[in-house]
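Here the structure is laid out as structure tokens; the discussion comes afterwards.
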Amino acid sequence: VEQKSNPALRGKPIVVVGDLYRRSVVLTASYEARVFGIKTGCLYWKAKKLCPQVIGVVGDSAKYLSQTKEIVEVLDAFSDQLEMASIDEGYLDVTGSLGLFRTDGAGMARLIQDRIKDELGLPCSIGVAPNKLLAKLASDMKKPLGITVIEPEKVGEVLERLPVEKLCGIGPRLQVHLNNMGIGTCGQLGAVPVAELQARFGIWGSWMSRWGRGEDDSPVRKSDAADVVKSMGHSTTLPKNTTDRKVIESFILFLSEKVGSRLRKGGFAGRTVTTVLRYDDFQTMAKSRTVGEFLDDGLSISRIALKILDQMKPSRPIRLLGVSVSSLVPTASPPFLLKYLEKGRLLARAMDEVNDKFGRGKLRRAKVMDAEAFGLLEPPIAPHMHALA
């Protein structure tokens, strides 16, 4: 999406990050960047070391969600059995519509892929298979712009030597446990007695046994792009660990403003605020509070987030901070009854208008400057710009 919206980024190694801090984490990398070994979760400074010419782009969830909605509109034209699993992934049951399009699964995949590419300018990879587990597996086999078909009679052959970690649901830790049991492939996983897996993993053992044989009878649950949005949040790894309350408050406001901006652009407001902190030893804590009013401005969100932080009583240097808002509803058009909340909403929207016209961060609250001074690599505005107190 970033390369589509900015032609200057096309064909170049780019990474999408939360912030342009040295210790920020890569959310995703373009295929041009991946050839250098840059992966999701890699620290930004490490990505720059692996590929000095890599370009960091601050992510914009509202922009990505808008593209998801357009993709959903395309998919809806092929089947009404659509389940969005995330902002960039979904399942489509086309069993009932193959006859309408007079094609098979592979042909349907080509029609969908071509339409998304031609109308939206985006590549997508599609897996065609008898169930969701295998379709997900197939979709990851050829990227970008790939189509992989797993026929029912070929399932055993495909899984026999496939590494077990390729299955959706088998993470790094589970992989280690399975490898220690001598299970390295899906074929081996499917051959292990169910009782043995249940004894080791409980109810998950029976599920993994079925996964190893490619069995999945879960239906496609109808949903749309809006269902993907359960919450909106933003977190950042600090430039360096700190216990400085002034700096921590500044970062909480900085993150809350970002969340508020995303809520307003997405047309949402929420009443449950969550604060996340991670200590220097990587211990992570999270705590939430639900309030009476639905919020969509950063200052109000930050006030709740700071109250939560006080309840958490941080005792050691903090490495990461995060703020999110959930219990979302579409933004109501009537004004807030409480005057100070309505004033905050109008002010936030005025800031949006200025920043949309002149660039992100051209107008922001003065308290955010403490976070910038603490180590922001690329401050969002020039020092001479005015800031709101």
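Identify the residues of the range 108-152 with backbone N under 16 Å of a label point that sits 7 angstrom from the Cα of residue 73 along the Cα-to-Cβ direction, or state none. Flagged as within label range: 115-122. Among 120, 109, 98, whose Cα lies farthest out toward the positive end of the dipole of the range 89-162, if unit charges sit on the beta carbon of Lys, Arg (+1) and Asp, Glu (-1)? Of the candidates, 120 comes out farthest on the positive side. Extending 7 Å from Cα along the Cβ direction at residue 221 and again at residue 352 yields two label points whose distance is 2.9 nm. The calculated FRET efficiency for the pair residue 243 and residue 64, based on their C-beta separation and a Förster distance of 45 Å, comes to about 0.85. Report note on the peptides 306-315, 202-211: ranked by the mean count of other C-beta atoms within 10 Å, highest first, their order is 202-211, 306-315. In the range 106-175, if the dipole is taken from +1 on Lys/Arg beta carbons and -1 on Asp/Glu beta carbons about the Cα centre, which of 169, 139, 129 is farthest to the positive end? Projecting each Cα onto the dipole axis, the largest value belongs to 169. Put the Cα centre of the range 28-82 next to the Cα centre of the range 253-316 and the gap is 25 Å. When the chain is treated as a Gaussian network with alpha carbon springs shorter than 10 Å, the biggest mean-square fluctuation among 294, 251, 201 belongs to 201. Its DSSP H runs of at least 4 residues, each contributing -39,500 (n - 2.57), put the calculated 222 nm mean residue ellipticity of the chain at -12500 deg cm²/dmol, to the nearest 500.
Each peptide in 109-115, 169-175 gets a packing score, the mean of other Cβ atoms within 10 Å over its residues, and the list from highest to lowest is 109-115, 169-175. Taking 7 Å steps out from each Cα toward its Cβ at residue 27 and residue 104 produces label points 4.0 nm apart.
Available extension along the chain between residue 95 and residue 293 is 66.8 nm, counting 0.36 nm per residue and deducting the alpha carbon span.
Pick from 106, 85, 77: which residue has the top mean-square fluctuation in a GNM of the chain where Cα pairs under 10 Å get a spring? It is 77.
All of the numbers you see were taken from the coordinates with simple rules; none came from a lab. Only a predicted model underlies this, so the values are computations on that prediction, with no experimental measurement involved. Note that we place each Cβ from the backbone using ideal geometry, even for glycine, and neighbour counts take in every protein chain shown.
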